[in-house]
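Each reported figure results from applying straightforward, stated rules to the coordinates on display, with no laboratory input. Please read these numbers as outputs of a predicted model, since none were measured by experiment. Note that each Cβ is placed from the backbone with ideal geometry, even for glycine, and that neighbours are counted across all protein chains shown.
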């Protein structure tokens, strides 16, 4: 019984390895599309685009800052009214 279990386990591992090997040889992307080697090659920006992105990020950060500030002031005023 033990020999049969050992044989079945060995066969399953060999058979599983045989099935997995061809799957690894298949390319992950379609044949006509070549992926860039590094991500820095894929993203190229002009100085104008970079400046626009930077300004947008600054605006968003400032907006979030002001929103948090207003919420805090609002809560403080509510607490002052309630006498806490």
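Under the simplified labelling scheme, the residue 49-residue 8 pair shows an inter-label distance of 5.9 nm, with each label point 7 Å from Cα along Cα→Cβ.
Using R0 = 41 Å, the C-beta based FRET efficiency linking residue 61 and residue 81 works out to 0.85.
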